[in-house]
Amino acid sequence: MQVEGFEAFHRLMYPKIVRYASRRLDASGADDVASQTMQALWDKDLDDPADEIEERKLRSLAYRVAEGLIRNAARAGARRNRLINRLASTGQPEHEPDIADLVVNGSPSWVAELPLTDREVLALLVDGYPVAEIAEILDCSAAAVSMRLQRAKKNLRALMRKGVTHD
C-alpha cells in the first residue's frame, strides 16, 4: 500500500480494532493488539484496494489478524495466570467473567451447547456492536448477520428453556 492509503486505512481501522480487542483485553492490551495488527498489515506490503470489495476484504483481514493476536494474548495471559495461581497456591480467578464471556465461553453448561457461530454473533451484539459493524467483523452482509442473530436468539431461547428445566 502507498503511505497515504495506509494512513487513511489506519485512521479508519485503528479505533475499530481497539474497540474489538477491548472486548476481551484490557485497554493497554487492546491498544497493543491494534498496533500489532496495523504493523502486520503494513509488513505484508499489500496493494492498494482498487474498489469497495477489496477495501472490505482488507478490513476483514485486519479483524482476522487482530483475532489471532487476541487469542495469542489470551493464551499468554492464561499461562501467566496459571503460573501465578500455582505459585500463590490459589485456584481462584482474578476477575469475574462479563456477560460476553458467558455467551462466548459458555459459563452455564447449556450455553456451551450453542454453536460457536451463534455464540460469536451474540457476543458481538451483547458488546454493543451494530449489525453493520458485526457484518464487517464477520466479513458477511448485514442481512446474513440479521439471519444469524435470529437463529442464534432462537437457539438461545430453546437452550434457556431446556437449561432452566434441567438445572
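The values are calculated or read from the model by the stated rules, or taken from the named source; none is laboratory data. Nothing here was measured: the structure is a model prediction, and the numbers come from that model. Please note: Cβ atoms are built from the backbone with ideal geometry, for glycine as well, and neighbour counts cover all protein chains shown.
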(request) Tell me which residues, restricted to segment 61-71, are crowded, with 16+ Cβ neighbours inside 10 Å and either hydroxyl-bearing (S, T, Y) or at pLDDT below 90 (or both). (result) Y63
(message) Can you confirm whether V18 is among the aliphatic types (A, V, I, L, M), assigned to a helix (DSSP H, G or I), within 22 Å of L138 (Cβ to Cβ) and free of Cβ contacts under 8 Å to residues at least 24 places away in the same chain?
(response) yes
(request) Looking for whichever is among the small types (G, A, S), surrounded by 11 or more Cβ atoms within 10 Å (Cβ to Cβ), in contact with a Lys or Arg (Cβ under 7 Å, 6 or more places away or on another chain) and not assigned by TED's automatic domain parsing to the domain that holds D139 here; the options are A74, A21, A34. Which one fits? (result) A74
(message) For segment 37-60, which positions are in a helix (DSSP H, G or I) and either touching a Lys or Arg at 6+ places or on another chain (Cβ under 7 Å) or loosely packed, with under 12 Cβ neighbours inside 10 Å (or both)?
(response) Q39, D43, E52, I53
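Within segment 84-153, considering only helices (runs of 4 or more DSSP H) that don't extend past its boundaries, which have at least 1 residues that are at pLDDT 85 or above and loosely packed, with under 12 Cβ neighbours inside 10 Å?
131-138
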